[in-house]
Amino acid sequence: MQRLQDRVAVVTGAGSGIGLATARRFAEEGAQVVCVDIDAEAGVKAAGEVGGLFVEADVTREDDVERMFATAYETYGSVDVAFNNAGISPPDDDSILETGLDAWRRVQEVNLTSVYLCCKHAIPYMRRQGKGSIINTASFVAVMGSATSQISYTASKGGVLAMSRELGVQFAREGVRVNALCPGPVNTPLLQELFAKDPERAQRRLVHVPLGRFAEASEIAAAVAFLASDDSSFITASQFLVDGGISGAYVTPL
Ligand SMILES: NC(=O)c1ccc[n+]([C@@H]2O[C@H](COP(=O)([O-])OP(=O)(O)OC[C@H]3O[C@@H](n4cnc5c(N)ncnc54)[C@H](O)[C@@H]3O)[C@@H](O)[C@H]2O)c1
């Protein structure tokens, strides 16, 4: 499929996990991919692999975010897709009873303020073109409560979901679509580490997923490519769940 032929797509957090898988998928579908990451080594590698451009940026910094979209525009002539995906989930963000203000604020900055900045600076290009697709990475925890809490993470993703909905509505008639992607748990190095270290905690999570496994990053990337492409032309302001059924489940199969 070449649904993104001649489109210019900016991917934040392109150096790893969901961002990397999406950069690969976007390139396969014909897009020019701008790979953004704070980790230069990983970002350069990703851009090299997909024949794209690497921009080193910290998405919590407004000047960095402005520069990355300007670079995409100056290099390739448009900004058609913004996948605002960079995020963190550090161990000091835990139960509200233990999580300090520093950890709270850091997670809000990287997961939520960054999405505000990326939308703020991507939308003007898209309005001028009369077309664009923004996909913001939220999470299934934006719509479900978890007893294994990461309180700032959950609150940040709820913010991403509400902001995406509002922007999707506000700019709908100008051709700019904005959707919140809500992945279920994904098989990343982070989760693999958790499985190895604490099988009981891991099993507590897995039991809730009707499909009985975690997602592969490529499965999330497939959904992002759909949302980026004209195949999703009537989808905006949505909470787009790619969660193996977790948010719909009461009792799961044995
Ligand atoms: N992995 C999961 O199970 C899961 C589930 C739901 C949602 N998510 C969300 O998906 C997104 C990607 O997660 P992942 O699992 O691929 O993570 P990951 O850690 O594999 O990749 C995140 C990338 O973002 C980059 N990054 C971090 N802070 C940055 C900053 N300030 N500026 C620029 N780049 C920065 C990192 O260097 C890294 O390359 C995150 O928003 C995460 O919250 C993940």
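The values are calculated or read from the model by the stated rules, or taken from the named source; none is laboratory data. Because the structure is predicted, anything quoted here is derived from the model rather than measured. In this analysis, Cβ positions are derived from the backbone assuming ideal geometry, glycine residues included, and neighbour counts consider all displayed protein chains. Protein only, heavy atoms only, side chains kept; ligands, DNA and RNA dropped before computing areas. Shrake-Rupley method; radii C 1.70, N 1.55, O 1.52, S 1.80 Å.
Please find, among 78, 95, the residue that is more than 17 Å from the chain's Cα centre (by Cα), part of a loop (DSSP other than H, G, I, E, B) and closer than 21 Å to residue 171 by Cβ. Only one candidate qualifies: 78. Filter the stretch 25-67 for residues that are more than 11 Å from the ligand (Cβ to nearest atom) and part of a strand (DSSP E or B) and give the result. The answer is 32, 33, 34, 53, 54.
Residue count for the stretch 166-216 satisfying the condition of being within 16 Å of the ligand (Cβ to nearest atom) and aromatic (Phe, Trp, Tyr): 2.
Look at residue 145 and say whether it is closer than 28 Å to residue 191 by Cα and either of a type in the set (A, V, I, L, M) or more than 14 Å from the ligand (Cβ to nearest atom) (or both). Against the criterion (closer than 28 Å to residue 191 by Cα and either of a type in the set (A, V, I, L, M) or more than 14 Å from the ligand (Cβ to nearest atom) (or both)), residue 145 qualifies.
Sort through 155, 142, 162, 147 and tell me the only one that's closer than 22 Å to residue 247 by Cα, touching a Lys or Arg at 6+ places or on another chain (Cβ under 6 Å) and surrounded by fewer than 24 Cβ atoms within 10 Å (Cβ to Cβ). Answer to the selection: 142. Scanning the stretch 215-235 for any residue that is among the β-branched types (Val, Ile, Thr) and touching a Gly at 6+ places or on another chain (Cβ under 6 Å) turns up nothing.
Checking the structure you have, find out if any residue of the stretch 35-46 is within 20 Å of residue 222 (Cβ to Cβ), in contact with a strand residue (DSSP E or B) (Cβ under 9 Å, 6 or more places away or on another chain) and not aromatic (Phe, Trp, Tyr). Yes; the residues of the stretch 35-46 include at least one that is within 20 Å of residue 222 (Cβ to Cβ), in contact with a strand residue (DSSP E or B) (Cβ under 9 Å, 6 or more places away or on another chain) and not aromatic (Phe, Trp, Tyr). With respect to (1) free of Cβ contacts under 8 Å to residues at least 60 places away in the same chain; (2) more than 15 Å from residue 227 (Cα to Cα); (3) within 15 Å of the ligand (Cβ to nearest atom), the lone exception for residue 93 is condition (1).
The residues in the stretch 117-139 that are open to solvent by 20 Å² or more (accessible area, probe 1.4 Å) and either over 19 Å from residue 238 (Cα atoms) or in contact with a strand residue (DSSP E or B) (Cβ under 6 Å, 6 or more places away or on another chain) (or both) can be counted, and the count is 7. Hey, any hits in the stretch 11-24 for a residue that's surrounded by fewer than 16 Cβ atoms within 10 Å (Cβ to Cβ) and part of a loop (DSSP other than H, G, I, E, B)? No, the stretch 11-24 has no match at all.
Filtered by the rule that a residue be part of a helix (DSSP H, G or I) and acidic (Asp, Glu), the stretch 184-209 gives 193, 200.
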